[in-house]
Amino acid sequence: MTNRPFNYDLDPSTGLPSRYDHHTLRKLSSMAGQFFDQAAYQQLLEQEDVVLYEVYELSRPAVSGELISGISVIHPGRVGDEFFMTKGHFHALLETAEVYVVLHGQGMMVMENPEGDCSVETYQPGRVIYVPPRWAHRSVNTGPDDLVFFWVYPANAGHDYGTIERQGFHKLVIASTSGPQILDNPRWKPAS
């Protein structure tokens, strides 16, 4: 890891980086309890433990002042009527923000804060989404192709996946005949 300026390129056709330090594959089995339709989840898992999304990360020291960046790719698909999505997380250091730049595809970012405020933003190529401090966020691919986006956040922010695993998000994004719909999540549980 260098402490000098550096660069990397993003492939114009795929959005994938020319270099990265870590490549993470998130499979369906890592999302137990996150999809609303648990029967559809189990049925799909029995057929194949599909890759839902991939993360390409350029690591930096986890200290104040450094930034981690990378590319995420969410593949198209559904579990029941619910679109493939990321695990979603708060930052372990709650008072940190994150920026997303959409490169390819369509989708939505579902966000909420500990006070119960919710927001959903639409992903489309060229759009920048700012996630303020204190907001959990999850990305959802609502289109027929890969959803690809660049992200950057403070290197000391960390991730808190546990809160979302326990309580879920307030909102679900599901497929309907009129397109993606945002619904209240009946399985959401308030923080205890």
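Values in this text are rule-based calculations from the coordinates and carry no lab data. As the structure is a computational prediction, the values presented were derived from the model and not from experiment. Cβ placement follows ideal geometry from the backbone for every residue including glycine, while neighbour counts extend to all protein chains displayed.
Got a number for residues in the range 122-152 being assigned to a strand (DSSP E or B) and out of contact with any strand residue (DSSP E or B) (no Cβ under 8 Å at 6 or more places or on another chain)?
First, pick out the residues of the range 122-152 that are assigned to a strand (DSSP E or B): 122-123, 128-131, 136-141, 147-152.
From what's left, out of contact with any strand residue (DSSP E or B) (no Cβ under 8 Å at 6 or more places or on another chain): none.
Within the range 122-152, residues that are assigned to a strand (DSSP E or B) and out of contact with any strand residue (DSSP E or B) (no Cβ under 8 Å at 6 or more places or on another chain) number 0.
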* Could you list all residues from the range 42-61 that are more than 13 Å from M85 (Cα to Cα) and in contact with a strand residue (DSSP E or B) (Cβ under 7 Å, 6 or more places away or on another chain)? => L44, D49, Y56, E57, L58, S59, R60
* To do: Filter the range 122-150 down to residues that are over 29 Å from S13 (Cβ atoms) and either under 14 Å from the mean Cα position of the chain (by Cα) or in contact (Cβ under 8 Å) with a residue 60 or more places away in the chain (or both), then give me how many there are.
  => 2
* Asked: Is at least one residue of the range 28-50 without any contact (Cβ under 8 Å) to a residue 60 or more places away in the chain, farther than 23 Å from L103 by Cβ and either part of a strand (DSSP E or B) or among the β-branched types (V, I, T) (or both)?
  -> no
* Asked: Of the residues S119, S178, which single one is farther than 28 Å from Y8 by Cα, in a strand (DSSP E or B) and hydroxyl-bearing (S, T, Y)?
  -> S119
